[in-house]
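The values are calculated or read from the model by the stated rules, or taken from the named source; none is laboratory data. Source: prediction; values computed, not measured. Here the Cβ positions follow ideal geometry from the backbone for every residue, glycine too, while neighbour counts run over all protein chains shown.
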């Protein structure tokens with residue numbers, strides 16, 4: 001990760017801060033690691049031995065850039081042969097005959113890079129203040145005890161999270177996050193006034209110690225010190241807490257996903273309507289993150305998508321009273337899996353017509369609780385387009401629409417009759433759906449046509465029945 005004259009090099013265990021001149025003594029391109037032969041030979045204990053290219057069998061010189069096939073430097077590929085391999089189609093795979101299958105290329109590349117810069121490290125930095133034009137005289141190392149100061153600068157999302165996981169972070173003033181790109185500098189002067197395409201704050205792939213360090217750093221950050229402007233923000237794991245507690249957000253949409261209950265235990269203690277979600281048009285909450293919906297303030301999004309694989313992931317929000325969670329003037333609502341059962345907990349602006357309501361349930365357990373409700377007791381108000389997929393069709397009798405509601409489209413789709421067994425048992429023309437201009441029944445849902453009751457004054461523009469085996 002590059003600055004103007006300095007590079008950050010991350011290996012599996014270490015962080016190196018490297019001057020440009022030192023960094024340019026090795027290269028990674030198209031899956032090949034090329035480094036100067038001399039220091040590697042010394043570390044591998046073969047400085048006095050001949051190092052031969054495994055392909056052309058020419059002896060390499062100490063100052064040559066070579067691509068080692070293993071950490072022990074049994075064989076290398078010379079610069080010319082590397083170029084030849086790149087140009088071949090299909091590309092030839094070359095392995096060390098002594099170390100084959102003992103370690104993969106990515107692992108030994110990381111080992112070699114770590115060894116390469118460890119040999120050159122002259123100091124461990126106790127403190128480092130980041131700036132895009134900072135310079136360092138020699139290779140240095142950052143550790144968990146190293147304090148990294150960020151003061152009124154812009155930093156890439158990837159570099160920010162890596163430093164959060166492996167150093168002590170000290171944010172002074174404020175910072176702006178922008179999208180990381182390998183070919184661009186990952187630190188800029190001042191608070192950037194630009195909109196990134198995508199921002200990722202995800203802790204997937206980080207180990208337990210790194211997650212704990214992120215947690216400690218998160219606790220030290222003062223609220224609203226981090227600014228993000230992006231078209232789309234994607235966060236997962238511990239990154240969700242960073243986003244909601246410390247970031248000012250302006251985005252078209254962002255997605256929050258939490259796969260572990262422990263990641264929300266602290267934030268779930270916050271009062272309802274106390275967490276600022278920022279200015280967002282499209283919000284997606286996944287799995288345990290769905291429980292955070294009541295905590296968000298200023299819920300003025302246009303689109304809301306909630307998804308959960310199982311009810312235990314959303315047990316906290318299922319404890320809420322019916323129609324107690326305000327979602328305002330949402331235009332499009334998409335509930336997936338067990339999140340379908342949250343529908344009765346939501347409260348909408350009664351004067352606003354929802355453009356689209358989509359409910360998708362893929363097993364009977366996804367709708368078991370809401371099926372206990374009385375018919376026509378779940379208020380959804382005015383809905384322009386209603387889509388019910390598979391087991392979600394079973395809750396159609398539970399929905400209550402505004403008396404003046406006119407649907408542009410009602411679409412019901414089921415793969416087999418087992419998904420709609422309860423609906424098939426009700427009396428004919430007992431399920432009130434009001435006025436619908438277009439009715440689309442797919443698969444086994446064709447069987448419930450007789451169960452639907454349309455407004456007598458309805459002039460249907462299109463009726464589509466598509467049954468399949």
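Quick check on the range 78-88. Is at least one of its residues assigned to a loop (DSSP other than H, G, I, E, B) and either at pLDDT below 75 or more than 30 Å from residue 155 (Cβ to Cβ) (or both)? Looking for residues that are assigned to a loop (DSSP other than H, G, I, E, B) and either at pLDDT below 75 or more than 30 Å from residue 155 (Cβ to Cβ) (or both), one finds at least one in the range 78-88, hence yes.
Of everything in the range 411-456 that's in a loop (DSSP other than H, G, I, E, B) and touching a strand residue (DSSP E or B) at 6+ places or on another chain (Cβ under 7 Å), which residue is surrounded by the fewest Cβ atoms within 10 Å (Cβ to Cβ)? Per the stated criteria, the residue is 429.
Taking the range 328-352 as the range and being without any contact (Cβ under 8 Å) to a residue 40 or more places away in the chain and surrounded by fewer than 20 Cβ atoms within 10 Å (Cβ to Cβ) as the test, the residues that pass are 328, 329, 331, 332, 334, 347, 349, 351, 352.
Here is a yes/no grid of residues against (1) under 27 Å from residue 2 (Cα atoms); (2) outside the structural domain of residue 119 (by TED's automatic domain parsing); (3) surrounded by 14 or more Cβ atoms within 10 Å (Cβ to Cβ); (4) modelled with pLDDT under 85:
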| position | (1), (2), (3), (4) |
| --- | --- |
| 33 | yes, no, yes, yes |
| 50 | no, no, no, yes |
| 53 | no, no, yes, no |
| 56 | no, no, no, no |
| 61 | no, no, no, yes |
| 65 | yes, no, yes, yes |
| 70 | yes, no, yes, yes |
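Can you name every residue in the range 286-316 that is on the phi < 0 side of the Ramachandran plot, in a strand (DSSP E or B) and surrounded by 16 or more Cβ atoms within 10 Å (Cβ to Cβ)? Those that are on the phi < 0 side of the Ramachandran plot, in a strand (DSSP E or B) and surrounded by 16 or more Cβ atoms within 10 Å (Cβ to Cβ): 286, 296, 303, 304, 305, 306, 307, 308. Every listed requirement among (1) touching a strand residue (DSSP E or B) at 6+ places or on another chain (Cβ under 8 Å); (2) surrounded by 18 or more Cβ atoms within 10 Å (Cβ to Cβ) is met by residue 143 save one, (2).
The criterion of at least 2 residues that are under 14 Å from the mean Cα position of the chain (by Cα), at pLDDT 85 or above and surrounded by fewer than 21 Cβ atoms within 10 Å (Cβ to Cβ) is met by the following strands (runs of 3 or more DSSP E) wholly inside the range 176-285: 196-202, 226-236, 247-258.
With respect to (1) at pLDDT 95 or above; (2) in a strand (DSSP E or B), the lone exception for residue 354 is condition (1). Within the range 422-450, the set of residues being closer than 23 Å to residue 370 by Cα and either more than 42 Å from the chain's Cα centre (by Cα) or in contact (Cβ under 8 Å) with a residue 60 or more places away in the chain (or both) comprises 425, 426, 427, 428, 429, 430.
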